[in-house]
1. Restrict the search to region 114-157; then list the GluC sites (Glu not before Pro) that DSSP places in a loop and that have at most 12 other Cβ atoms within 10 Å of their Cβ.
2. Please compute the length gained on full extension between SER19 and LYS36, using 0.36 nm multiplied by the number of residues separating them and subtracting their Cα-Cα distance.
3. Within 10 Å of each candidate Cβ there may be at most 14 other Cβ atoms; applying that plus a DSSP loop requirement, which GluC sites (Glu not before Pro) in region 1-104 survive?
4. Can you give the Rg and Dmax of the chain based on its C-alpha atoms, in angstrom?
5. Check which residues have an amide H placed less than 5 Å from THR94's amide H, if you skip close sequence neighbours.
6. Helix-only mean residue ellipticity at 222 nm, the chain, DSSP H runs n ≥ 4 weighted -39,500 (n - 2.57), per residue, nearest 500. What is it?
7. Pulled fully out, how much extra length does the chain show between GLN51 and THR94, if you take 0.36 nm times their separation in residues and subtract their Cα-Cα distance?
8. Here is the link list: LYS15/LYS114; LYS14/LYS44; LYS105/LYS163; LYS114/LYS152; LYS44/LYS114. Which ones come out longer than 27 Å on Cα distance?
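Throughout, read-outs are computed from the coordinates displayed, never taken from laboratory work. Keep in mind the model is a prediction, meaning the values are calculated, not measured. Because the Cβ atoms are built from the backbone with ideal geometry, glycine has one as well, and the counts that use them run over all protein chains shown.
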Amino acid sequence: MIHAASHYSVYTWKKWEPSNRNLTYKFLGDFPETAKFPAALAFKRWASVTQFTFSEVGGAELSDLTLEFVRGDHGDGLPFDGEGGFLAHAFYPTDGRLHYDLDDKWFYLFINKKGFDLWSLSLHEIGHLLGLQHSTVETAIMYPTFSRGETKDLDQDDIQGIKALYNL
């Protein structure tokens, strides 16, 4: 059953259990150091409007969520298509995987806006990790497309969607 209200959309059965609001995340592979900060900021932004907390773990520690830069066919059934096209994808709870296309050009914090904003795309994909689907509101972070140089933040539609999904 899909619950739709306003313009957001959620699967009511694809969400984290109430007992699991402290999610851990880990960067896998050769995740660029410069990409870790905008991803961590995106987790903080979602934490500011939810009851979730997000903590980075490292090494051999288990984590709820994993973030990784990959290219082409990377074994999850959703191959990337090189520069442009699909930029990133994430799996709904409780899978927890988030992949960015290594072949795309990325930027963050308004630096070199010729690529795609890593913070905005991280916000979008973390929305999927939390259980949100795409929105029809163009200003929403959960809108399905992004343009080069575009930077977005959470919209009221995103906040209403996450609050409806988790009864906040």
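1. Taking region 114-157 and a limit of 12 other Cβ atoms within 10 Å, the loop GluC sites (Glu not before Pro) found are GLU138, GLU150.
2. Values: separation 17, 0.36 × 17 = 6.12 nm, distance 2.70 nm.
Gain in length upon complete extension: 3.4 nm.
3. Here the GluC sites (Glu not before Pro) that fit, given the DSSP loop and packing criteria, are GLU61, GLU83.
4. Rg then Dmax for the chain, in Å: 15.0, 42.
5. Residues meeting the criterion, in which the H sits 1.01 Å from N, do not exist here.
6. -7000 deg cm²/dmol
7. 13.8 nm
8. On the way: LYS15/LYS114 35 Å; LYS14/LYS44 22 Å; LYS105/LYS163 33 Å; LYS114/LYS152 15 Å; LYS44/LYS114 25 Å.
Result: LYS15/LYS114; LYS105/LYS163 exceed 27 Å.
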